[in-house]
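Report on the structure given below.
What follows is calculated from the coordinates using simple rules that are stated; it is not laboratory data. No experiment lies behind these values; they were computed from the predicted model shown. Methodologically, a virtual Cβ is constructed for each residue, glycine included, from the backbone with ideal geometry; neighbour enumeration extends over all protein chains shown.
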Amino acid sequence: MTSEIPIFSRSQTLPVTQPRVLALCWILYGILRLAITLWLVSFTTTATLMFGALLTRVPDPYSLMTLFHFLYLGVILWSGACGILAILVGVTILVGQRSARPLAMVAALLSLSEPPIGIALGVYTLIVLLAPPRDITA
C-alpha cells in the first residue's frame, strides 16, 4: 500500500528550534576550545619539563625537544582556531547567514579531532546538514 505523502520535501527547512540549539552548542563548544587553549598555554612550562625529563637517555635530545615545541605549538594553534571557528559558526547560524552551512560543515569536520564532545557535535552537525529535509507538514 503506497502513501501519497512525500517522504522528503526539498522546500522545507529545519524546524525553528533546531538551528538555535545547534548554534548554542557550537558557541559553547567554541568557548570550551578556547578555554582548553588557555589551559594548554598555561601548562607549556610543565609539559616541556615533563617531556624533557623523558629525554635524558636519548642521543640527540635537542632535535626531539624542538619537535616537541613545534607539535605543542601546533596543538595550541589548532585548538584556538577551532574555538574561534566554532563561535563564528554558532553566530552565523543564529543570524541565519548563507555562509552558515559551509562553515558548519568545515567546523564539524575539524571538531572530530576532539573527543568526546567534538566528535558528538561534529557527527550530529554533519547528520543534520547532510540529511535531506523532511516534510513536517504531513
* To do: Place the peptides 54-61, 66-73, 122-129 in order of packing, highest mean first, counting for every residue the other Cβ atoms within 10 Å and averaging per peptide.
  => 122-129, 66-73, 54-61
* Report ³J(HN,Hα) in whole Hz for each residue of the range 24-29, in order, from the Karplus equation J = 6.51 cos²θ - 1.76 cosθ + 1.60 where θ = phi - 60°; Gly and Pro get x. => 5, 5, 5, 5, 5, 5
* Asked: Can you work out the FRET efficiency for the pair M105 and L77, with r the C-beta to C-beta distance and R0 = 35 Å, to the nearest 0.05?
  -> 0.95
* Ordered by residue, what ³J(HN,Hα) values in Hz, to whole numbers, does the range 117-130 give under the Karplus form 6.51 cos²θ - 1.76 cosθ + 1.60, where θ = phi - 60° and Gly and Pro are x? -> 5, x, 5, 4, 5, x, 5, 4, 5, 5, 5, 5, 7, 8
* Asked: With the contact rule set at Cα under 8 Å and sequence spacing of 6 or more, what percent relative contact order holds for the range 17-130?
  -> 35
* Asked: Ordered by packing density, taken as the mean number of other Cβ atoms within 10 Å over each peptide's residues, highest first, how do 25-34, 44-53 rank?
  -> 25-34, 44-53
